[in-house]
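Have a look at the structure below, then the notes.
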Amino acid sequence: MDNWQPGTSLAMLQSRAALLATLRQFFFQRSVMEVDVPVLARTSVTDINIESIPAMPYGGSGYLQTSPEYFMKRLLSQGAGDIFCLGKAFRNGEQGCRHNPEFSLLEWYRCGWDEHQLMDEMAELISLVFAARSSQPLAVTKCSYEECFGQTLGVDAHGADLAELQQRAVAASSDSWAGESRANCLDLLFSLLVEPQLPAGLVFVYDYPACQSALAQLHNNAQGQQVSRRFEVFLNGMELANGYFELTDSAEQQQRFEGDIAQRIEAGKPPIPMDRHLLAALDHGMPSCAGVALGVDRLLMQLEGADSIAQVLPFSWDRC
Amino acid sequence: MANYSTNEFRSGLKLMLDGDPCSILENEFVKPGKGQAFNRVKLRNLKTGRVLEKTFKSGESLEGADVMDMDMQYLYNDGDFWYFMEPESFEQHQATENAVGDALQWLSEQDVCVVTLYNGSPLSVVPPNHVELEIVETDPGLRGDTAQGGSKPAKLVTGATVKVPLFLDQGDVVKVDTRTGEYQGRVKDA
């Protein structure tokens, strides 16, 4: 076997070790507690676009976790306070120059904070990580989704009707997008046309469309349009993190689970049982909080100027 | 032909797209964290040579194209078709002018070319990277002027015109890179 060797140099391993140490120290100094949660569980996310890797513990059914979110929310509901988790996450079918089916995720929650406070903290963290490498301060930009989208496409992301979005999606790609959902058309247009136009440095895009709320609360923006309190973080045009002002209402959470499961069935995807433990925890009461998950391998790619995730992983999937 | 799903896409894979055989040049997996995955694919239309970019939803599949590259020896041209032979089986294939395309200005009998077969018929022909051809027409040579950088057009026996140094003459044999059409050197003992 020629590929027994790791895909990374010793210098890359040291760089990863230094990054992990910096991340842990940042939270230790701020009294955010590290938690260690399972990566194997009986249920997983119902999200239509995220596939869990099935596992068979004791011959039964289980899944490798796509993020530590549900376990962390159960800890928050018990009163754990501010917490972070730095560990592995798994997503099926995701492999490419920015994706590996197993990857490192940093996720943290701040109780009593909103999403804008959390964005500020993330800017401090990423600036600190880059300060060790470069004397140039990292450029930080904040921009609402409708501003980014409108500037590039001249389309009101929240107000435009579906037919217009589909037409733009088809023009940007192929006929197979003619019947796509609002969320998919927006994602396609954002990925293909808006992302390449984002400024260099760290960019926070907030107030995502309501149809892409995932686990974020909804509110009205200054124009009175309903949007989700979700943000995404881009570093030099690469998606790095996704955060929410977290949904805490268990009834609404259950509705979103049910909506996801219905969509999965309609799309012919394997149904995933909803996580009743999470619903029970929200019923018990989760404190108001903001949370975010950050792709650690991608951060390392940016630090090291790598153009493929395989260059920063000692053993990418092709070597496993 | 088998169907290929986006997760089997890789460069070199031959697929049918809008009725034409295409070859994948680049394949990029794109997926927003919470969004639909898709593949941005750069393909070459093997009939027209045009390069196009398409975006497919991950999980979509396309029909494979019955396309095969094979080394074949060029035999002759009968005025209508160009004939190529498989070296092992001696099976002959006739290629249209359209399929031979730009290769025809470089082809000498017995050259080994890469012939792309589509449903068993030649679709395109790639000549050898380097060919050695005689000059049949050019301005008189300036003997001794080997140092200067000047050049002049020269017509080769196969019909191509290339730029050659001033000292070369009709009857000289030159080596040419067919990918760029550039003169590579004079073949001394022709």
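Does A:Ala183 satisfy the condition of being without any contact (Cβ under 8 Å) to a residue 40 or more places away in the chain and surrounded by 18 or more Cβ atoms within 10 Å (Cβ to Cβ)? Yes, satisfied. I need the full set of residues from the range A:125-167 which are without any contact (Cβ under 8 Å) to a residue 40 or more places away in the chain, among the aliphatic types (A, V, I, L, M) and under 30 Å from A:Leu19 (Cα atoms), in order please. A:Ala131, the sole residue that qualifies.
Restricted to the range A:191-207, and to residues there that are in contact with a Leu (Cβ under 9 Å, 6 or more places away or on another chain) and within 12 Å of another protein chain (Cβ to nearest Cβ), the residue that is surrounded by the fewest Cβ atoms within 10 Å (Cβ to Cβ) is A:Leu193. Within the range A:51-65, if we keep just the residues that are in contact with a Gly (Cβ under 8 Å, 6 or more places away or on another chain) and in a loop (DSSP other than H, G, I, E, B), the residue that is nearest to the other protein chains (Cβ to nearest Cβ) turns out to be A:Glu51. Within the range B:16-71, the residues that satisfy the criterion of being outside any strand (DSSP E or B) and more than 9 Å from chain A (Cβ to nearest Cβ) are B:Asp18, B:Gly19, B:Leu46, B:Lys47, B:Thr48, B:Gly49, B:Arg50, B:Ala65, B:Asp66.
The residue list A:Pro38, A:Pro68 contains one member that is surrounded by 18 or more Cβ atoms within 10 Å (Cβ to Cβ) and at pLDDT 95 or above, which is A:Pro68.
Pairing residues of the range B:41-58 that are at positive phi with residues that are in a strand (DSSP E or B), at Cβ distances under 9 Å and at least 6 apart in sequence or on separate chains, gives B:Gly49/B:Ser124.
Somewhere in the range A:93-100, is a residue modelled with pLDDT of 95 or more and either over 20 Å from A:Ala17 (Cβ atoms) or not in a loop (DSSP other than H, G, I, E, B) (or both)? Taking every residue of the range A:93-100 in turn, at least one turns out to be modelled with pLDDT of 95 or more and either over 20 Å from A:Ala17 (Cβ atoms) or not in a loop (DSSP other than H, G, I, E, B) (or both). In the range B:104-117, the count of residues that are closer than 30 Å to B:Phe29 by Cα, touching a residue at least 24 places away in the same chain (Cβ under 8 Å) and of a type in the set (A, V, I, L, M) is one or more. Among the residues in the range A:10-27, are any within 14 Å of another protein chain (Cβ to nearest Cβ), among the charged types (D, E, K, R) and under 27 Å from A:Ile126 (Cα atoms)? Checked the range A:10-27: no residue is within 14 Å of another protein chain (Cβ to nearest Cβ), among the charged types (D, E, K, R) and under 27 Å from A:Ile126 (Cα atoms). No other residue among A:Gln253, A:Gln263 is buried (at least 18 other Cβ atoms within 10 Å of the Cβ), more than 11 Å from every other protein chain (Cβ to nearest Cβ), under 24 Å from A:Thr66 (Cβ atoms) and polar (S, T, N, Q) apart from A:Gln253. Checking A:Lys73, A:Lys88 one by one, the residue that is crowded, with 18+ Cβ neighbours inside 10 Å, modelled with pLDDT of 95 or more, in the same structural domain as A:Val233 (by TED's automatic domain parsing) and basic (Lys, Arg) is A:Lys73 and no other. Taking the options A:Ser213, A:Ser174, A:Ser181, A:Ser191, name whichever one is in the same structural domain as A:Tyr70 (by TED's automatic domain parsing) and polar (S, T, N, Q). Criteria check complete, one pass: A:Ser213.
In the set (1) within 14 Å of chain A (Cβ to nearest Cβ); (2) farther than 20 Å from A:Ala172 by Cα; (3) in contact (Cβ under 8 Å) with a residue 12 or more places away in the chain, B:Met1 fails one condition alone, (1). Filtering the range A:158-190 to residues that are within 13 Å of A:Cys211 (Cα to Cα), assigned to a helix (DSSP H, G or I) and within 11 Å of chain B (Cβ to nearest Cβ) leaves A:Ala183, A:Asn184, A:Cys185, A:Leu186, A:Asp187. A single entry from A:Gln65, A:Gln29 fulfils the requirement of being farther than 18 Å from A:Gly295 by Cα and either hydrophobic (A, V, I, L, M, F, W, C) or not assigned by TED's automatic domain parsing to the domain that holds A:Ala183 (or both): A:Gln29. Looking at this structure, is B:Asp172 surrounded by fewer than 16 Cβ atoms within 10 Å (Cβ to Cβ) and among the acidic types (Asp, Glu)? No; evaluated as a whole, the condition is false for this residue. Can you tell me which residue among A:Leu138, A:Leu106, A:Leu125, A:Leu86 is in a helix (DSSP H, G or I) and among the hydrophobic types (A, V, I, L, M, F, W, C)? Checking each option against the conditions leaves just A:Leu125.
For every residue, the table says whether it meets (1) within 14 Å of chain B (Cβ to nearest Cβ); (2) among the charged types (D, E, K, R).
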| residue | (1), (2) |
| --- | --- |
| A:Ala222 | no, no |
| A:Ser228 | yes, no |
| A:Ala241 | yes, no |
| A:Asp249 | no, yes |
| A:Phe257 | no, no |
| A:Gly268 | yes, no |
| A:Asp275 | no, yes |
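Evaluation of B:Gly12 against the conditions (1) under 30 Å from A:Met238 (Cβ atoms); (2) away from chain A (no Cβ under 14 Å); (3) assigned to a strand (DSSP E or B) shows that the sole unmet condition is (3).
Only one of the listed residues (A:Thr46, A:Thr8, A:Thr22) is in contact (Cβ under 8 Å) with a residue 12 or more places away in the chain and surrounded by fewer than 18 Cβ atoms within 10 Å (Cβ to Cβ). That residue is A:Thr22. Where residues in the range B:158-190 are touching a residue at least 12 places away in the same chain (Cβ under 8 Å) and among the hydroxyl-bearing types (Ser, Thr, Tyr), which of them is farthest from B:Glu134 (Cα to Cα)? Looking at residues that are touching a residue at least 12 places away in the same chain (Cβ under 8 Å) and among the hydroxyl-bearing types (Ser, Thr, Tyr), I get B:Thr178.
The values are calculated or read from the model by the stated rules, or taken from the named source; none is laboratory data. As the structure is a computational prediction, the values presented were derived from the model and not from experiment. As a convention, Cβ positions derive from the backbone with ideal geometry for all residues, glycine included, and neighbour counts pool all protein chains shown.
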